[in-house]
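Novice: Structure provided below as structure tokens; questions to follow.
The values are calculated or read from the model by the stated rules, or taken from the named source; none is laboratory data. Since the model is a prediction, treat every value here as computed from it, not as a measurement. Cβ coordinates were reconstructed from backbone atoms using ideal geometry, including for glycine residues, and neighbour counts include every protein chain displayed.
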Amino acid sequence: MSNRFVIDRRQGLWLGVCQGVADFTGLPVALVRIALLVLTVVSFGLPGVILYCLIGWLAGER
């Protein structure tokens, strides 16, 4: 668990956002990816994708 949120583009699949959230919260990365997928499907795609891209753009890198 980290005390600062950063994304990890090397270990992530696309932008490393899910890996960064998993590192920050201590949750398994698979659980974070499933939660993002559910958010995206339930909200018809747009909010989940916008949130993911926004975090990938704003967060600092490791």
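Novice: How many residues does segment 38-60 contain that are outside any helix (DSSP H, G or I) and surrounded by fewer than 11 Cβ atoms within 10 Å (Cβ to Cβ)?
Specialist: Qualifying residue count, segment 38-60: 2.
Novice: Would you point out which residue out of A30, A22, A35 is surrounded by fewer than 12 Cβ atoms within 10 Å (Cβ to Cβ) and without any contact (Cβ under 8 Å) to a residue 24 or more places away in the chain?
Specialist: Going through A30, A22, A35 in turn, the sole match is A30.
Novice: A further question on this structure: Can you say whether F5 is of a type in the set (F, W, Y) and out of contact with any helix residue (DSSP H, G or I) (no Cβ under 6 Å at 6 or more places or on another chain), as far as the supplied structure shows?
Specialist: Against the criterion (of a type in the set (F, W, Y) and out of contact with any helix residue (DSSP H, G or I) (no Cβ under 6 Å at 6 or more places or on another chain)), F5 does not qualify.
Novice: Within segment 15-32, identify whether any single residue is β-branched (V, I, T), modelled with pLDDT under 80, under 13 Å from G60 (Cα atoms) and within 10 Å of the chain's Cα centre (by Cα), and answer yes or no.
Specialist: Scanning segment 15-32, I find no residue that is β-branched (V, I, T), modelled with pLDDT under 80, under 13 Å from G60 (Cα atoms) and within 10 Å of the chain's Cα centre (by Cα), so the answer is no.
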